[in-house]
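Report on one structure; see the data block that follows.
What follows draws every value from the coordinates through simple rules; no lab data is involved. Treat the numbers as computed from the prediction; the structure is a model and nothing was measured. Note that each Cβ is placed from the backbone with ideal geometry, even for glycine, and that neighbours are counted across all protein chains shown.
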Amino acid sequence: MAETAETAEDVKARKERERDELYALDISGVEWRSAPGTEQDEERVEIAHLPGGAVAMRSSLDPGTVLRYTEAEWRAFVLGARDGEFDLEPAAEG
């Protein structure tokens, strides 16, 4: 049986379903983790691992606002960070 390629509409619909399922998860009992060496009273990024390889991320100063990423989105972010994709150029002096 031959598989048909996903159309752009199919991909969009699948991503919307994944996003809806991800945000429907109850994350009230997840374990939030931050980078080692950060102090409790300083701002830090916290992450929690979710089912299916998904990840939730929040700021310690605004724990009510939570971003959620599918496994593929998180993997792309981590690989981009490792490759320097998000590095800032040094500010010009003078």
Self-check item: Per-region count, segment 1-32, residues surrounded by fewer than 12 Cβ atoms within 10 Å (Cβ to Cβ) and of a type in the set (Lys, Arg)
Solution: 3
Quiz item: If you scan segment 33-68, which residues turn out to be buried (at least 16 other Cβ atoms within 10 Å of the Cβ) and either at positive phi or in contact with a helix residue (DSSP H, G or I) (Cβ under 7 Å, 6 or more places away or on another chain) (or both)?
Solution: 54, 55, 68
Quiz prompt | Counted residues, segment 65-80 - those being more than 8 Å from the chain's Cα centre (by Cα) and closer than 16 Å to residue 44 by Cβ | solution = 2
